Amino acid sequence: MPQAPARRSSSTFRSQTRAPDARFRARRGSGLTRSAVVTGASRGVGAAVAQRLARDGHRVVAMARNAAALEALAGGVPGLLPLHGDVSREDDVARLAHTAAELGRLEVWVNNAAVVDKVPFAELTPERWRGTLSVDLDGVFLGCRSAFMSMRDGGGVIVNVASLSGVPNVEKFPGLAAYNVSKAGVIALTEAVALEGRPFGVRCVCLSPGAVDTEMLREAAPHLRAGMTPDDVAGIIAWLVTPAAAHLSGVNIPIFSNR
């Protein structure tokens, strides 16, 4: 069976993190004053969202544990700053928020990072259970909290990426108990954050895609045919963070593809 994802020390991440370089500092007076955060940004949906938000004029701080993939992504996207880190670690998430605040007013935070550890329930140990929830649910909580604290004075939008796996009465698949529970928790957390964010102009929206053409889908459910691409999901998120979606908060948007 696949093993839980290897964890790296917080000190390792800190040693690999570079401060905003001259390219980003120089842009402070060029009109690019909005910053955004995207987690799990080294591949798949996260990479597509980071690229889309950068194209839309945000200075994007993109966090992931895959340093090489993150650096490669940033090399081809002006306005994107890579930050190596682990969303399950409180100090890494705090560093992420601080970095985004240095680049401009934080307007958007996309909690996308997730892991899949596919294992039959009878073989699911407490360690592997916690390994999934620490990223897929605790990481979203830490992101929501940091975003909330940063946005309380000026408002903003938090987008949590869940999954149809967390939506009741939708077909589920064996071996994904921890993943399914974490995504259901993300949906519930979205409602709570939206409720308490309303007085501060902080919106929180959840997106639950079905089968997206990503490496994660091929690992978790190789029998499924992808019905959408990462760019499809990125386009929806790009719209959700605009004033056109200002009345949407506290909702989960399930995406069933007809392709």
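In this Cβ point-charge picture (+1 for Lys and Arg, -1 for Asp and Glu), region 29-106 has a dipole of about 260 debye about its Cα centre.
Placing R0 at 25 angstrom, the Cβ-Cβ distance between Ala188 and Arg145 gives a FRET efficiency of 0.95 after rounding to 0.05.
Report note on the peptides 106-112, 244-250: ranked by the mean count of other C-beta atoms within 10 Å, highest first, their order is 106-112, 244-250.
For region 30-255, the fraction of C-alpha pairs more than 30 angstrom apart is 17%. The H on the amide N of Ile255, modeled in the peptide plane, is under 5 Å from the matching H of Ser208, Gly210, each at least 5 residues off or on a different chain.
For region 232-241, just list the computed ³J(HN,Hα) in residue order, Karplus coefficients 6.51, -1.76 and 1.60, θ = phi - 60°, integers in Hz, with x standing in for Gly and Pro. Per residue, the Karplus-derived 3J(HN,Hα) values read 4, 5, 4, x, 5, 5, 4, 6, 4, 8 Hz. Take the Cα of Ala68, step 7 Å toward its Cβ, do the same at Arg55, and the gap between the two points is 2.7 nm.
Distances between placed amide hydrogens fall under 5 Å for Leu81 paired with Val60, Val61, Ala62, all partners being 5 or more residues away or on another chain.
Find the relative contact order for region 30-255 and round it to a whole percent, using C-alpha pairs within less than 8 Å whose residues are 6+ positions apart. This gives 20 percent for region 30-255.
The charge dipole of region 30-255, taken about the Cα centre with unit charges on the Cβ atoms of Lys, Arg (+1) and Asp, Glu (-1), comes to about 300 debye, rounded to the nearest 20. Normalised by 2.2 N^0.38 Å, with N the number of residues, the alpha-carbon radius of gyration of region 48-113 equals 1.02.
The local environment of Ala41, defined by Cβ-Cβ distances under 12 Å, has a net charge of +2 under the rule Lys, Arg +1 and Asp, Glu -1.
The numbers here are math on the coordinates, done by the rules we state, and not lab data. Being a predicted model, the structure only gives us computed values, none of them experimental. Because the Cβ atoms are built from the backbone with ideal geometry, glycine has one as well, and the counts that use them run over all protein chains shown.
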